[in-house]
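Visitor: Here it is, the structure, as structure tokens.
The values are calculated or read from the model by the stated rules, or taken from the named source; none is laboratory data. Treat the numbers as computed from the prediction; the structure is a model and nothing was measured. When we count neighbours, we look across all protein chains shown, and the Cβ atoms used for this are built from the backbone with ideal geometry, even at glycine.
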Amino acid sequence: MSTSRLFTAILFIALFTMTVREISDPDFWWHLRAGQYMVENATIPHTDPFTFTAQGKEWVTHEWLSEVFIYASYRVGGFASLTILFSAIITFAFALTYARSQGKPYLAGFALLLGALATAPTWGVRPQMLTLLLMSAFLFLLDRYVATRENKFLIPLPFSMLVWVNLHSGYAIGLVVIGAYWFAAFVEGIAFLVRKRTANDSFHTEPTLSPRNTRALLVILIISTLAVVINPNGARMFIYPFETLTSAAMQRYIQEWFSPDFHQTEWLPFAFLLISLIATALIARARVPLAHTLLLFALGFLALRSARNIPLFALVAIPVLSAQLAAWIPLRASNKPTPRAMQIINTVIVVIFTLAALVRIGSVLTNQANVERAKFPAAAVEWIQQNRPAPNLYNSYGWGGYLIWKLYPEYKVYIDGRADVHGDAFIENFLSIYRGSAGWENKLAEKNVRLVLIEPDAPLANALARDSQWTQVFADSQSVVYQKK
């Protein structure tokens with residue numbers, strides 16, 4: 001094994017190991033239950049079955065295929081198989097990005113590692129990771145098409161879109177990506193014609209894609225757009241992504257929709273990625289393809305507006321950064337054969353890194369139960385399961401998904417992470433209760449709430465403690481349960 005291959009092997013072993021982490025996403029639990037519901041009932045729900053407050057309200061199940069996939073994976077090997085599978089998905093998405101990058105292995109490896117670290121806070125067992133993979137695949141296929149002009153790289157796109165629209169509403173970015181490549185080819189073609197007619201010299205740089213290639217891109221964009229309607233919600237999926245983007249409550253209260261806070265250490269790699277792009281662009285001045293430039297600006301804006309969009313930006317930024325680095329620091333690969341002894345040493349090093357990675361992965365997988373009890377009200381749920389107090393149950397927003405997984409169908413929750421189902425007005429009403437604002441008693445009475453499960457330091461917990469109609473029936477450091485007399 002050569003030194004360059006050793007570097008690449010260690011890079012991806014490290015990347016895969018970093019992506020392996022305990023499941024702690026609050027929304028994971030209702031995704032898991034939704035998948036179970038669809039598998040066991042052989043149906044895709046269009047109204048909410050999990051809450052008593054939104055019973056019968058429209059639920060756009062835009063992630064239904066992801067949820068079936070998640071539940072099927074869980075059935076095969078529990079949380080361990082889910083964790084390993086999604087780590088592989090994330091790693092493969094970055095492997096495709098690495099394949100698009102110049103300056104392999106060292107400069108591309110640096111760019112990849114920086115870009116991956118920028119996205120690390122978003123990693124997990126969640127449908128968004130499938131969007132990460134599919135967008136990476138789209139970029140890979142389109143870059144290959146631009147490089148080779150071979151239609152075989154375009155053919156998979158509409159079929160992938162058909163799958164993507166049933167996995168996650170992030171499918172819309174796939175259309176944006178195809179559109180950016182088509183628009184760039186169109187503009188370059190127009191610019192070439194203008195130069196050809198106005199220039200006096202006879203030399204003209206041909207555009208990257210011919211008019212025929214540009215038309216092929218447009219046809220694929222149209223077919224991919226038509227493929228969007230092939231989902232359980234039909235043409236409704238064209239507007240659904242914009243409904244979530246314009247939800248005031250989601251933008252105001254859901255953390256992953258916030259702009260990245262660079263005062264927090266976890267977002268510093270994203271800041272370094274932006275700085276590196278600017279610095280290398282000023283120093284190297286290497287040409288960036290127009291399609292990449294368009295996507296950098298568009299996705300850069302979205303990433304600065306909402307942290308959940310940083311992974312999409314990174315997939316475009318990594319190859320651009322590596323190309324700038326390669327233009328600035330032209331490293332030449334050595335053609336000298338690696339001595340036999342060094343090959344053996346490198347192989348041993350890879351084995352050692354692999355074993356260390358397996359130990360770390362095993363530690364993460366065995367720690368899942370501890371993380372669950374630390375992040376979610378596991379003990380309170382066990383109390384409810386044993387004592388069976390009367391519903392209805394009011395709960396903290398971030399615990400709704402966990403309670404759906406653990407208590408449904410015996411108990412339906414007040415609220416969960418599907419903000420689009422509940423709507424802005426309901427979320428504001430929920431928060432007024434949670435804050436113990438005036439009239440909270442009447443609002444709970446309107447929904448016939450007889451059980452409350454919240455954090456001990458929640459304002460509502462203090463209000464319940466002072467109200468003679470409510471009795472504390474369970475408490476620990478994680479949660480408190482109040483029951484109405």
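Visitor: Pick from 225, 205: which is surrounded by 14 or more Cβ atoms within 10 Å (Cβ to Cβ) and either at pLDDT below 95 or in contact with a helix residue (DSSP H, G or I) (Cβ under 8 Å, 6 or more places away or on another chain) (or both)?
Guide: 225
Visitor: Let me spell it out: the conditions are (1) within 30 Å of residue 306 (Cβ to Cβ); (2) among the hydrophobic types (A, V, I, L, M, F, W, C); (3) modelled with pLDDT of 95 or more; (4) surrounded by fewer than 19 Cβ atoms within 10 Å (Cβ to Cβ), and residue 139 meets all of them except one. Which number is the exception?
Guide: All conditions are met except number (4).
Visitor: Next up: Sort through 183, 242, 192 and tell me the only one that's in a helix (DSSP H, G or I), out of contact with any helix residue (DSSP H, G or I) (no Cβ under 6 Å at 6 or more places or on another chain), without any contact (Cβ under 8 Å) to a residue 24 or more places away in the chain and surrounded by 15 or more Cβ atoms within 10 Å (Cβ to Cβ).
Guide: On inspection, the qualifying residue turns out to be 192.
Visitor: Return the residues of the range 404-450 that are within 16 Å of residue 384 (Cβ to Cβ) and among the hydroxyl-bearing types (Ser, Thr, Tyr); say none if nothing qualifies.
Guide: Of everything in the range 404-450, those that are within 16 Å of residue 384 (Cβ to Cβ) and among the hydroxyl-bearing types (Ser, Thr, Tyr) turn out to be 408, 411, 414.
Visitor: Look at the range 451-479 and say how many of its residues are in a strand (DSSP E or B) and in contact (Cβ under 8 Å) with a residue 40 or more places away in the chain.
Guide: So the count comes out to 6.
Visitor: Select, from 132, 141, 113, the only residue that is touching a Phe, Trp or Tyr at 6+ places or on another chain (Cβ under 7 Å) and either in a helix (DSSP H, G or I) or not assigned by TED's automatic domain parsing to the domain that holds residue 269 (or both).
Guide: From the options 132, 141, 113, the qualifying one is 141.
Visitor: Same structure, new question: Output the residue which, of all residues in the range 423-437 that are of a type in the set (Gly, Ala, Ser) and at pLDDT below 95, is surrounded by the fewest Cβ atoms within 10 Å (Cβ to Cβ).
Guide: 425
Visitor: Right, something else. Conditions: (1) under 15 Å from residue 53 (Cα atoms); (2) surrounded by fewer than 18 Cβ atoms within 10 Å (Cβ to Cβ); (3) within 27 Å of the chain's Cα centre (by Cα). Residue 446 meets all but one. Number of the miss?
Guide: (3)
Visitor: Given the structure, is residue 354 surrounded by fewer than 18 Cβ atoms within 10 Å (Cβ to Cβ), of a type outside the set (A, V, I, L, M) and touching a Ser or Thr at 6+ places or on another chain (Cβ under 6 Å)?
Guide: no
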